[in-house]
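In what follows, a single structure is set out as structure tokens and then discussed.
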Amino acid sequence: MGRTVITGGTVVTATENMTADVLIDGSTVAALAAPDAHNWAEGADRIVDASGLLVIPGGIDVHTHMELPFGGTYSSDTFETGSRAAAWGGTTTIIDFAVQVKGQTALEGYEAWMEKAEGNCAIDYGFHMITGDINDQTLKEMDILMDEGVTSFKLFMAYPGVFYSDDGEILRAMQKAAEIGAVICMHAENGIAIDVLVEQALARGETDPIYHGIVRRSILEGEATNRAIALADVSGAPLYIVHMSAQESLDAVIAARDLGKNVFAETCPQYLFLDLDNLGNGFDGAKYVASPPLRDRAEGHQERLWRGLATNDLQVVSTDHCPFCMGDHHTFGTQKQLGVGDFTKIPNGMPGVEPRMELIHHGGVGEGRISMNRFVEITATNPAKMFGMHPKKGTIAVGADADIVLWDPTGKRTMSVETHHMDVDYSAYEGLEVTGTVETVLSKGKVMVENGEYHGKAGDGAYIKRGTSQMLI
Ligand code: URP
Ligand code: ZN
Ligand code: ZN
């Protein structure tokens, strides 16, 4: 790859705006300097012109599900297609969720995910571990996984009979996490109560996708978040609430953080842009079935989440990218249609890894809710710190990986299934015009996207052995 110079742009990190050129030597950033203070062009192998553009750290999406087995099918993006789409959208690192299903060891789940990703990912990747079967062996294997760089574990208070753990299992896993310095990622919804409401809805003949949003009440996300915080407090484990959608959950996190507890949270673009109405319109609403569900806009969740991002009550925007096709998928077959006549059979999840950066810039910076620096912080720097990858990832600094996006703050794009690169047959944001676009993407010094062309390939990405969280108080 040799030496690359990015010239003429404004470097924006979480803390600084600099008129600076960037010298990349191989895969890392070698120097930053004022444009007239160097002669790097001499001997450079490649000059990348960033005139009029912002030069920002590559995005980090810490919540993806490539090829996730769910409800009798698999999420439609593989590591190959999903990581390529991520790169198109300015994301240069993902953390996906390896899965331990009941009856399997955690190490078997981890090895299966390593195999799926190896040689297929275009960008760097790490894993959290979904510990779906908490027992003595799983707790022992958490030590081994820590050594492998899997330093965060996801537990579910939802999905009884699938990934669900009861409070005792959660406490035991949290105690182990506290002992070894791991982070607990929590899917906080009261799945037991939700299942009662589901049963009652189906008995009334309420089978359309809209009822997915109606039965999964926001107060049950709030209750679960409060309970998770209490259990984390008892155990001493750091807690990270994933895919937060509800103000009741945000209130719980704010209260815990105000008390100085190691409690953190992410939200996702779907909860910032879409709402309960998207679940209406008959079976078309299946496109938007994910858990937690989209919320009633009139209740104010969306604006509270945006404000939480501005005030650092929320630290990260990830995607929970978990796409399923409305029609048949070429490899995995019938997907969302599995739930025709019964919303509980609709595979849960939505596509989002590609549009995340542009959506958050548009709704955040464009709408005056957050600064460009905060945009970088919540899409790259905090994700890297939260999950032990900083400063190699998440910033532009000497020694950091040259994961860099040239960003046009005035560029326009219309979101559409016709132009996206995710392997899914709809866009959740069809027709939305955003301001602020990804122009050029470098991953570890390699130009992946330039002038509307893709130059990456499967296997360009490598596994990241992550360290412990760098966000803890
Ligand atoms: O609906 C969702 N969120 N699907 C993916 C699995 C999860 O709970 O994150
Ligand atoms: Zn979840
Ligand atoms: Zn998820």
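Observations, loosely collected:
- For Gly411, the residues whose modelled amide H falls within less than 5 Å of its own, excluding neighbours fewer than 5 places apart on the same chain, are Gly436, Thr437.
- Here the range 375-470 is treated as a Stokes sphere of Kirkwood radius computed over C-alpha pairs; at 25 °C and 0.890 mPa s its diffusion coefficient rounds to 160 µm²/s.
- Comparing the range 58-373 with the 2.2 N^0.38 Å rule of thumb, its C-alpha radius of gyration ratio is 0.93 (two decimals).
- Of Thr437, Ser83, Ala458, farthest towards positive along the dipole that unit charges on Lys, Arg, Asp, Glu beta carbons give the chain: Thr437
- Here the Karplus curve 6.51 cos²θ - 1.76 cosθ + 1.60, taken at θ = phi - 60°, turns the phi angles of the range 78-91 into couplings of 8, 4, 5, 6, x, 6, 5, 4, 4, 4, 4, x, x, 9 Hz, with x standing for Gly and Pro.
- Close amide H pairs (under 5 Å, H built 1.01 Å from N) link Ile95 with Asp61, Val62, His63, Thr64, Gly126, residues at least 5 positions away or on another chain.
- Cβ-based charge dipole, the range 162-252, positive-most Cα from Ala237, Asn190, Thr225: Ala237
- Farthest toward positive dipole pole in the chain [+1 Lys/Arg, -1 Asp/Glu at C-beta], among Gln337, Ile404, Cys325: Ile404
- Carbon-plus-sulfur accessible fraction, the chain (probe radius 1.4 Å, protein heavy atoms only): 48%.
- For the range 315-452, the spread of Cα coordinates along the three principal axes comes to 54, 33, 31 Å, biggest extent given first.
- Amide H contacts for Val316 (H built 1.01 Å from N in the peptide plane; partners 5 or more residues away or on another chain; cut-off under 5 Å): Ala265, Thr267.
- Residue-by-residue Karplus 3J(HN,Hα) for the range 45-57, coefficients 6.51, -1.76, 1.60, Hz, glycine and proline x: 7, 8, 10, 10, 7, 10, 4, x, 10, 8, 10, 10, x
- Ligands, DNA and RNA are left out, and with a 1.4 angstrom probe the accessible area of the range 58-373 is 31 Å² per residue.
- Overall, the range 58-373 carries a charge dipole of about 500 debye about its Cα centre when +1 sits on the Cβ of Lys and Arg and -1 on the Cβ of Asp and Glu, all other atoms neutral.
The values are calculated or read from the model by the stated rules, or taken from the named source; none is laboratory data. Worth saying up front: this structure is predicted, and the values here are computed from it rather than measured. When we count neighbours, we look across all protein chains shown, and the Cβ atoms used for this are built from the backbone with ideal geometry, even at glycine. These accessible areas exclude ligands, DNA and RNA; they are computed on the full protein's heavy atoms, side chains included. Shrake-Rupley method; radii C 1.70, N 1.55, O 1.52, S 1.80 Å.
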